[in-house]
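First comes the structure, then the notes that go with it.
The values are calculated or read from the model by the stated rules, or taken from the named source; none is laboratory data. Predicted model only: the values in this text are computed from it and were never measured. Heads up, the Cβs are rebuilt from the backbone with ideal geometry, glycines too, and the neighbour counts pull from every protein chain shown. Note: accessible area is taken over every heavy atom of the protein model, side chains too, but ligands, DNA and RNA are not part of it. Shrake-Rupley method; radii C 1.70, N 1.55, O 1.52, S 1.80 Å.
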Amino acid sequence: MLNAIVTGGSRGLGLGIAKKLASSGFRTIAIARNESEGFVDARREADQAHPGSLHFVSFDLAQIDRIPDLVKKLRKDFGPIYGLVNNAGMSIDGTLALSSTQDIEQLTRLNTVSPIVLTKYVVRTMMADGGGRIVNMSSIIASTGYSGLSVYAATKASMVGFTRSLAREVGRAGINVNAVAPGLVP
């Protein structure tokens, strides 16, 4: 069974992705700060159809200095990592002129720096294992813009540039890298 990581996998779009991967035959590891009630229900359902296909690992991706140890633990506990979906993210509404520097840094840390660092350590293992798949979640707002979401748009646009360049770096090593830019997800 191939292993796939989904960050922000305990609710919303991330949970939907995790459920789909688990039902498609992947051992899916959802990473989030907290395990939601929806995730517990999804794991129960997944275990009935595909035992052991959906797992949860509690981790705060804003703790970037702990990411290397997270990846080591995931490889030790689950084996080679074939897929990575960088879905975790946050948004802070408000005009740039009124945004605190702390909020800007927090948003940039979780939406841009964290997935890049996580990918750095996961892609190393993929290269050693002969390939893999990486999907980075962007947003339609990265290309259209939206009033009050300028910093969020910047972080999501950065993921598109990161994706394009990384695909060129690691494509020859059998690692496929793409970005998805969904619209509003309720």
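Here are the numbers for the structure shown:
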item	result
GNM result for the chain, Cα springs below 10 Å: residue of 132, 148, 14 fluctuating most strongly	148
Förster-model FRET efficiency, 25 Å R0, residue 160 and residue 99, C-beta, rounded to 0.05	0.70
Label-point gap, in nm, between residue 143 and residue 63 - each point 7 angstrom along Cα→Cβ	3.7 nm
Accessible area of the stretch 1-45 divided out per residue, in Å², using a probe of 1.4 angstrom	49 Å²
Carbon/sulfur fraction of accessible area - the stretch 1-153, other protein chains in place, 1.4 Å, %	52 percent
Value of D in µm² per second that Stokes-Einstein yields for the stretch 1-93, Kirkwood Rh from Cα pairs, at 20 °C (1.002 mPa s)	163 µm²/s
Principal-axis tilt of helix 114-129 within the chain, Cα atoms, nearest 10 degrees	30 degrees
Normalised per residue, the volume of the convex hull around the Cα set of the chain (Å³)	111 Å³
Within the chain: Cβ-based charge dipole about Cα centre, in debye rounded to nearest 20 (Lys, Arg +1; Asp, Glu -1)	600 debye
Label-point separation in nm, residue 116 to residue 73, each point 7 Å along Cα→Cβ	2.5 nm
Solution diffusion estimate, µm²/s, Stokes-Einstein, the stretch 117-186, Kirkwood Rh from C-alpha pairs, 37 °C, viscosity 0.692 mPa s	255 µm²/s
Of 76, 20, 120, the one that fluctuates the most in a GNM where the chain has Cα springs shorter than 10 Å	76
